[in-house]
Amino acid sequence: MPSSPTVFDPEHFDNAEREVRRQRQLAYEQAEADRLANGKLRIAIVTENLMPKVDGVTRTLARLLAHLKEQGHEAVVLGPKSGMSHYETHPLIGTAGIPLVVYPGLKLNFLRPFFLSTISKINPDVVHFVDPIWLGAQVLMAMEVGWCGSDWSGEDAGLASLGTGLGGAPVVASYHTNLPTYATLFGIAWLEPIMWKFTRWLHAKTLLTACPSPSTATMLEGQGFKNVRLWQRGVDQQLFNPYRRSEKLRERWGVQPSPKKTQSASPLAHLDPAAAMLTPPPSPDLLPVGSLPPKRTDTPVVLYVGRVSWEKNLLLLVRSFGLMLESLSAQDAKPILILVGDGPARQPLEEECKRLGIDAVFMGHITGVRLAECYASADIFAFPSFTETFGQVVLEALASGLPVVGLDAEGTRDLVVHERTGLLLPMPTQSPSLVSGEPQPAPEWRTLLTPPTSVAFTQSVTTYASLLKQLVTSPRKREEMARRASTEGVRGRTWPDAMEAMVQCYREAIRVSRAQRPPKQRNPVPLPDVHESLRKRNPRSRELGVLLLICFISSVIGVWVSSGPMRR
């Protein structure tokens, strides 16, 4: 007897699907309970910059994401489009932006409703804003008016709550770039106090601000920032060390190899070979513990590593190098200038080097072992920037055994000890002036050295040239500073310790938040499903549209301002 045909039962399949979802949710809830019991965190990171762009901010962020993965924490990154869906297993969610005319590689990025849905649905333990200024500002304000849910806003949500703060939500910020000072460098000094006020207003919405150096912390506190914490940086001493020195690379740079000294054994013909005592072979020459591999004293190599852009003050380096060359005697070895990195100022600086008769070598962007060889194969590290919050390349140079010639400015002065691990250019002295009987504010590097036709800039060129000359003409002084640089200069600076400091900032923010508000209800979406689970329409689409329209108009104004003339 033929069997009856199987009848399709939609309810059966719906029940089966619901059961699968229920079991999956139960398993996830158990995993979530285990995560919290083990002290593992879930972090949402909002950033203005993201890999593959390479700068100090993105390199630090990459280190942080690697550390979070290694320690078992979860993170999702919200930022500009990167072409990647994940980094170190952490999901990356990108958005579009308008390129900045004045600074190729940077964009004014737009808020996506997807970002707010992500924060709302994964329910992170803490939200970390990396250098909030544009995209971060949009997300912060959206959180403030309640578009990420009541857990991330004050008591009253809505547009009327804008400016009232986040009500003690576990939100932190990290300060990486002195963006307000860039305004003066690019010829729009009137914008600097406005940017300071805006940046301070944004950071005030968070529970704490982490910055990379003590001098930067002092500067921020002087600008009115509250609850500033230190998040210092580390260095990979296995990668960056003096033993990466390459004579072949130096020869490619134009350093002529010096003749090698050889020892010849004296003849022993006057001795009876049969009566002579057998002697062991000579022992190899061993370096004392803590010493560096021998460096030649022929042609000194002066190295710069970093972005080749105007805010790095590279015009001062090039003109100082040219002035130093003119001051050397015929007996002095002529140094070579090497610049590693790329950026919008490369072509103008190449032309300036030709004008001054400097045979500079521009290497372009280099990473990894090749970069480490560049450091170790040089003799002096020149770093004239005064816009740093830390100066990662300075730490890498010290680890590679290079004395640093820098400025006595934020970031650099925290790493270089004058006359021990390098030389620091003091701020040019100016006679005090009075206006209406009131003393003027203390001078700052950005105002003194802008424009390059100023008296202070000319004075700084002369002094910086003399500092370079001290090390170029004194091999012994270079060697002493190099030894201290690779030991004293990097003592206690490891990446795991540095990144764990940020995790401790997360935990501090969570503790403070729990003390200020009741614990939030947790029903997060699993991070592996974050791209799938956030496809639904956001209920705040209309308000978000208004906010995006405001952001677009502001972007047009920003692009117009950025395309204005820059003073060199």
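Which is surrounded by 15 or more Cβ atoms within 10 Å (Cβ to Cβ), under 14 Å from P403 (Cβ atoms), touching a helix residue (DSSP H, G or I) at 6+ places or on another chain (Cβ under 9 Å) and among the hydrophobic types (A, V, I, L, M, F, W, C), of A456, A482?
Residue meeting the stated conditions: A482.
For region 353-367, which positions are more than 8 Å from L339 (Cα to Cα) and part of a strand (DSSP E or B)?
none
Sort out which residues of region 320-352 are within 19 Å of D379 (Cβ to Cβ) and within 28 Å of the chain's Cα centre (by Cα), and write them in order of number.
S320, F321, I336, L337, I338, L339, V340, G341
Within region 97-152, can you find the residues that are over 15 Å from I43 (Cα atoms) and among the polar types (S, T, N, Q)?
Hits for region 97-152 are N109, Q138, S150.
Please go through region 89-113 and give me each residue that is at pLDDT 90 or above and surrounded by fewer than 17 Cβ atoms within 10 Å (Cβ to Cβ), ordered by number.
T89
Which of the residues spanning region 372-408 are small (G, A, S) and either surrounded by fewer than 24 Cβ atoms within 10 Å (Cβ to Cβ) or farther than 19 Å from V461 by Cα (or both)?
A372, A376, S377, A378, G391, A397, A399, S400, G401, listed by residue number.
From the list L317, L325, L303, which residue is farther than 26 Å from L395 by Cβ, modelled with pLDDT of 95 or more and surrounded by 19 or more Cβ atoms within 10 Å (Cβ to Cβ)?
Answer to the check: L325.
Listed here are the residues, each with its yes/no results for (1) assigned to a helix (DSSP H, G or I); (2) closer than 21 Å to E479 by Cα; (3) out of contact with any Leu (no Cβ under 8 Å at 6 or more places or on another chain).
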site: E373; (1), (2), (3): yes, yes, no
site: A382; (1), (2), (3): no, yes, no
site: T389; (1), (2), (3): no, no, yes
site: A397; (1), (2), (3): yes, yes, no
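Got at least one residue in region 441-458 being under 28 Å from A210 (Cβ atoms), at pLDDT below 90, over 27 Å from the mean Cα position of the chain (by Cα) and of a type outside the set (A, V, I, L, M, F, W, C)?
Yes; the residues of region 441-458 include at least one that is under 28 Å from A210 (Cβ atoms), at pLDDT below 90, over 27 Å from the mean Cα position of the chain (by Cα) and of a type outside the set (A, V, I, L, M, F, W, C).
Could you give every pair whose Cβ atoms fall below 6 Å, whose first residue belongs to region 114-138 and is of a type in the set (A, V, I, L, M), and whose second residue is assigned to a loop (DSSP other than H, G, I, E, B) and surrounded by fewer than 22 Cβ atoms within 10 Å (Cβ to Cβ), counting only separations of at least 6 or pairs across chains?
Hits for this filter: I122/P524; I122/V525.
The values are calculated or read from the model by the stated rules, or taken from the named source; none is laboratory data. All of these numbers come straight from a predicted model, not from anything done at the bench. Note that each Cβ is placed from the backbone with ideal geometry, even for glycine, and that neighbours are counted across all protein chains shown.
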